[in-house]
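Report on the structure given below.
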Amino acid sequence: MKLEEGLGDWRRTHYSIQITPAIDGKKVTIFGWVSSIRTQGGIVFVMVTDRDGSVQVTVNKGKASPSTLERVEALKPHSSIAVRGTVKSMPRAPNGAEVVPEEVRILSVATEAPSFSVYGGETPSLDKRLDIRAVDLRRDKAQTTFKVQRAVLSATREFLSGAGYLEVRTPKLISTATEGGASLFSVLYYNRPSFLAQSPQLYKEELVLPFEKVYEIGPVFRAEESRTQRHLSEITSIDIEEAFVDYHDVMDTLESLVRGVVSSVRASCAKDVERLGRSLPELPERFERLEYKDVVERLAAQGEGISWGDDLTGPATERLGKEHPSFYFVTDWPTQAKPFYIKPRDDDPKVSESFDLMFGPLELASGGSRVSSKTLLVKRLKEQKLKPQAFEHHLKVFDYGMPPHAGFGLGLERLTMVLAGEENIREVVLYPRDKLRLTP
Ligand code: ATP
Ligand code: MG
């Protein structure tokens, strides 16, 4: 007998979640993957798992047709199958009902079993799982993580479009580094050198001229030398840029966006997250806004060996995160620590109109008011040892009435880590890229 058959005219009538006592007696066609097979007495129990969960298919050896029996006995876990049969109430089965098959089709025989259990049991090392990521993603935890991410994305789009931002797409193949040469991937563009964009920064700023309020959800590429739990080489960035506002305004926007996203994820995914023994973060009354200078002063007083001008990293951020375990901003960073396009404060140019959004010790977003004066922009480029000629096209735009503007870049993966409760950023990306991994 040929075991594998085609789909033919069979089409799914029900997902697993729809097989309930309410449709007792109904003829259904289900599709999915065999997650377990167990024989007890004269009965074979086959669990068929689909996108939404599992259905128990119960085959009575004494009653089933020879062709059904033959197929069921040949089944191996992970094979994809189709079952036509009748729904029967069964309190002990998932969702309280099972399917008694009349016909079974084996669509694809699994010739291999993964070296780890996809359906429960111990979770093996990430590297082992990433090697066969498409199978690994069937795990319950991964399914929930990406359900959360999908909710984050749709809530973000809904919020930003609703607030009048236009979604834009800017080039990812670029000729000039946005913030200097470090951390760029170079690509041969026909016969010329080019780079993968490390941020949509310059384009989104230019686009406030025609559109005033824009956002982009797109890939950014960074050649990160160190391998950490929170850095990847390719990520998705949620960027906004807006004319006629400053950094305080965009902090308000970012806070509202995050609040909207968390509520929306709570509404659609709280049960899934709780089922995994996790919980979504509680939102504070207000996201605190701590000035960088005060943060540094306090950390220094606590013996962190940090002084004004230093970045907040390592043990200093750990301590800060312990004191502020939820969402908060750190504002007014030293100008020297920020890219050339961040606006220095008028009253104290050593300090910039900038902020980071943090969750405990983790940076989620960076933003600020931008320099809108061409003269100042050229000065800032030179201070940062960048060549204004390389930014000629960008600078030209500033001759045409570039308004004051501000914006931020928020890492989709970092936000997903917080909401899905993952410690390692690789868990929240379908196919993570880092210095050691370019496959699958
Ligand atoms: P970090 O200090 O954490 O390396 P950054 O300050 O270099 O980040 P920004 O240039 O401010 O990063 O980018 C804006 C946001 O994009 C960050 O707040 C973060 O959420 C995300 N992000 C940037 N680089 C990475 C990366 N390599 N991996 C994951 N997320 C990143
Ligand atoms: Mg940053």
Given the criterion more than 16 Å from ligand 1 (Cβ to nearest atom), of a type outside the set (Asp, Glu), surrounded by 14 or more Cβ atoms within 10 Å (Cβ to Cβ) and within 19 Å of the chain's Cα centre (by Cα), identify the matching residue among Gly360, Gly409, Gly421. Gly421
Any idea which residue in the range 385-406 is nearest to ligand 2 (Cβ to nearest atom), counting only those that are surrounded by 15 or more Cβ atoms within 10 Å (Cβ to Cβ) and among the aromatic types (Phe, Trp, Tyr)? Phe391
Please verify whether the range 328-347 includes one or more residues that are within 15 Å of ligand 2 (Cβ to nearest atom), β-branched (Val, Ile, Thr) and without any contact (Cβ under 8 Å) to a residue 24 or more places away in the chain. yes
Of the residues in the range 348-384, those that are within 16 Å of ligand 2 (Cβ to nearest atom) and either outside any strand (DSSP E or B) or hydroxyl-bearing (Ser, Thr, Tyr) (or both) come to Ser352, Glu353, Ser354, Gly360, Pro361, Ser366, Ser369, Gln384
Kindly indicate whether any position in the range 58-78 is in a loop (DSSP other than H, G, I, E, B), free of Cβ contacts under 8 Å to residues at least 12 places away in the same chain and surrounded by fewer than 21 Cβ atoms within 10 Å (Cβ to Cβ). yes
In this structure, is Arg92 closer than 14 Å to Ser54 by Cα and among the basic types (Lys, Arg)? yes
Scanning the range 365-393 residue by residue, the ones that are touching a residue at least 60 places away in the same chain (Cβ under 8 Å) and among the hydrophobic types (A, V, I, L, M, F, W, C) total 4
For the subset of the range 27-44 comprising residues that are touching a residue at least 12 places away in the same chain (Cβ under 8 Å) and surrounded by fewer than 16 Cβ atoms within 10 Å (Cβ to Cβ), which member is nearest to Gln56 (Cα to Cα)? Ser36
If you take the residues of the range 187-233 that are of a type in the set (Val, Ile, Thr) and out of contact with any Phe, Trp or Tyr (no Cβ under 7 Å at 6 or more places or on another chain), which of them is surrounded by the fewest Cβ atoms within 10 Å (Cβ to Cβ)? Thr228
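Values quoted throughout were computed directly from the atomic coordinates according to the rules given, and no laboratory measurement underlies them. This one's a predicted model, so the numbers in the text were calculated from it and none came from an experiment. Heads up, the Cβs are rebuilt from the backbone with ideal geometry, glycines too, and the neighbour counts pull from every protein chain shown.
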